[in-house]
Amino acid sequence: MGQLIKGQWQAEDLPRHQADGRFKRPNSTFRDWIGAPDGRYPAAPGRYHLFVNAGCPWAYRTILYRSIKNLDDVVSLSRTAAAAGDQGWHFDNPPEPLLQVEHLHEVYSHADPAFTGRVTVPVLWDTHSNTIVNNESADIMRMFNDAFNGIEGVSQTDYYPETLRTEIEALNQVIYTDVNNGVYRCGFAQSQSAYEEAYDNLFNTLDKLDDRLAVRRYLFGNQVTETDWRLFSTLIRFDLAYYSRFKCNRNQLLDFEHLWPYTRDLYQLPGVAETVDVSAIKGIYYGAGKPGILPKGPQLDFSAPHNRDAIQL
Ligand SMILES: N[C@@H](CCC(=O)N[C@@H](CS)C(=O)NCC(=O)O)C(=O)O
């Protein structure tokens, strides 16, 4: 995919690899915060908007939080078409209603006419000052966790409890490196050794997480945290895309004794199932090349009983 250079779309794809073939993900560029003490972005209902792609695991985290925190009436949302085109992400049935644009890169150049960088989803947009508040999914999850809690109807559930923060940060780091980004390090590796290293790290970590979930209902016991949602965002895509498209094929998720029922357990919590868009997931990973044929399988029953309620911890 191309990028913006001084506000102009450039189709040429700059390399995203280190010399040894390892995939390197660039950092996000807009990092402001709703509800921060500077008062620039107050937590007002109807003021903010999300631009997402429902197949993307990073954008998905924000779609998921918007649903489980009951923010559907507080933060509005537009989806891009499943697969990127020659100008990157674009909207189906343009123009997109909020900003009257056809491509996501126009949202970025609206915010900053001289923007240089990658045009990524998710984007959290402020309709008052007409700019991007933040385009880093990890930040947006944290904001959605508590920034709007003063608004009626918003769920008060805390997925980042004070008492667990140190442990959450530590496990997030491992899961990000080896699993969330690990599947991309498999799929986008440019050398055999970089791929095999990422593959081994991925499955070693999944094995450890599987053991951990033998005795705990969720990663930190019987309370769902941010770390569960971060892991879930990758697991729900695993057999649909990563196993085949990214060559993460030592096992399917279906083969893991605990990770598979754990994924179904999270899927069956209120507000989650309606956020999982299987055709968008297939579309983002398989749909870009012509003729854009999507795999028909695999058949996965996320609604099958998980029997994890009995785990006490
Ligand atoms: N750090 C970002 C990463 C987002 C990201 O990489 N999104 C992908 C889609 S899955 C994207 O938009 N890629 C376009 C590009 O890199 O040009 C986040 O977590 O929010």
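Where a number appears in this text, it was derived from the coordinates with a stated rule and is not lab data. All values derive from a computational prediction rather than experimental measurement. For neighbour counting, all protein chains shown are included, and Cβ atoms are generated from backbone atoms with ideal geometry for every residue, glycine included.
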Self-check item: Separation of the Q156 and A138 label points, Cα + 7 Å toward Cβ, nm
Solution: 3.0
Exercise. Treat the count of other C-beta atoms within 10 Å as a stand-in for reagent exposure and order V179, V123 from fewest to most.
Key: V179, V123
Quiz item: For R250 and N222, what is the calculated FRET efficiency with R₀ set at 30 Å and r taken between the beta-carbons, to the nearest 0.05?
Solution: 0.50
Practice problem: Report the percentage of all Cα-Cα pairs in region 3-146 whose separation exceeds 23 Å, rounded to a whole percent. | Solution: 33
Quiz item: Which of the residue pairs K24/K290; K247/K296; K247/K290; K69/K282; K208/K296 have a Cα-Cα distance greater than 28 Å in the structure shown?
Solution: K208/K296
Quiz item: If each residue's Cβ is checked for other Cβ atoms within 10 Å, how do D73, D277 rank with the fewest at the top?
Solution: D73, D277
Quiz item: Of all DSSP beta bridges in the chain, what percent run antiparallel (nearest 5)?
Solution: 75
Quiz item: Semi-axes, largest first, in whole Å: what does sqrt of 5 times each Cα gyration tensor eigenvalue give for the chain?
Solution: 29, 26, 18
Quiz prompt | Extended-chain gain in nm, criterion 0.36 nm per residue less alpha-carbon gap, L313 and R212 | solution = 35.2 nm
Quiz item: Can you give the direction-averaged projected area of the convex hull of the alpha-carbon atoms in region 99-183, in nm²?
Solution: 8.1
Quiz prompt | H306, H103 arranged by Cβ crowding within 10 Å, fewest neighbours leading | solution = H306, H103
Quiz item: So what is Rg over Rh here for region 162-274, counting just Cα atoms and using Kirkwood for Rh?
Solution: 0.97
Quiz item: Cα centroids of region 238-254 and region 1-47: how far apart, whole angstrom?
Solution: 28
Quiz item: Applying the Karplus parametrisation 6.51 cos²θ - 1.76 cosθ + 1.60 with θ = phi - 60° to the phi angles of region 174-190, what ³J(HN,Hα) value in whole Hz is obtained for each residue in order, glycine and proline being reported as x?
Solution: 5, 5, 4, 5, 8, 10, 4, 8, x, 5, 5, 5, 6, x, 9, 4, 10
